[in-house]
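Shown next, in structure tokens, is the structure this report addresses.
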Amino acid sequence: MGLLDEGSEIVIVQEDLCEELGLKVNREQKMTMQIANGKTEKMMEYVKYLELEMGGVKTYAHAFVMELAPYYLLLGRPWQKGVKLGKIEQ
């Protein structure tokens with residue numbers, strides 16, 4: 001289960017989930033990000049081509065790893081754009 005965030009410019013996966021799933025993490029890529037509560041969070045590494053399955057359809061995204069993310073997975077604009085996500089608000 002993940003969080004869809006139309007304001008986020010990146011895809012984020014929690015470090016614990018990476019370990020649980022045995023994901024291959026690139027430890028060379030590093031950056032920081034200001035999170036929703038205004039704090040700055042260190043982004044440790046990233047996962048290249050993270051496989052995501054939604055409704056039986058497999059998609060892929062590059063996801064940055066956060067140690068203490070308040071969610072397991074955040075799907076930002078790069079993923080949304082890549083899958084050509086469209087929605088109707090009523």
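Projected label points at Tyr49 and Leu68, each 7 Å from Cα along the beta carbon direction, are separated by 3.4 nanometres. Of the options [x] 52, 28, 22; [y] 55, 44, 19; [z] 38, 30, 19, only one is Cα extents along the principal axes in Å as computed from these coordinates, and that is [z]. Residues whose amide H comes within less than 5 Å of that of Glu45, counting only those at least five positions distant or on another chain, are Val65 (H built at 1.01 Å from N in the peptide plane). If R0 is taken as 30 Å, the Cβ-Cβ distance between Thr32 and Gln90 corresponds to a FRET efficiency of 0.20. Just the number, please: percent antiparallel of the DSSP beta bridges in the chain, rounded to the nearest 5. The answer is about 75 percent antiparallel.
Springs between Cα atoms under 10 Å define the GNM used for the chain, and in it the highest mean-square fluctuation of Gln14, Gln80, Gln34 occurs at Gln34. Along region 12-26 the Karplus relation, 6.51 cos²θ - 1.76 cosθ + 1.60 evaluated at θ = phi - 60°, assigns HN-Hα couplings of 10, 10, 6, 4, 4, 5, 4, 5, 4, 8, x, 6, 7, 10, 7 Hz to successive residues, with x for each Gly and Pro. Using R0 = 22 Å, the C-beta based FRET efficiency linking Arg77 and Lys39 works out to 0.55. Straight Cα distances below 23 angstrom link Lys84 to the lysines Lys48, Lys58, with same-chain residues fewer than 8 positions distant left out.
Charge tally around Glu19: other residues with Cβ under 14 Å, Lys/Arg +1 each, Asp/Glu -1 each, net -3. Amide H contacts under 5 Å for Thr59: Leu52, Glu53, Met54, restricted to partners 5 or more places along the chain or on a different chain, H placed in the peptide plane at 1.01 Å from N. About its Cα centre, the dipole of region 9-70 is roughly 200 debye, where the only charges are +1 on Lys and Arg Cβ and -1 on Asp and Glu Cβ. Dividing the summed helix terms, -39500 (n - 2.57) for each DSSP H run of n ≥ 4, by the number of residues in the chain produces a 222 nm estimate of -3500 deg cm²/dmol to the nearest 500.
Readers should treat all values here as calculations from the given coordinates under stated rules, not as data from a laboratory. What you see is a predicted model; the values in this text were computed from it and never measured. As a convention, Cβ positions derive from the backbone with ideal geometry for all residues, glycine included, and neighbour counts pool all protein chains shown.
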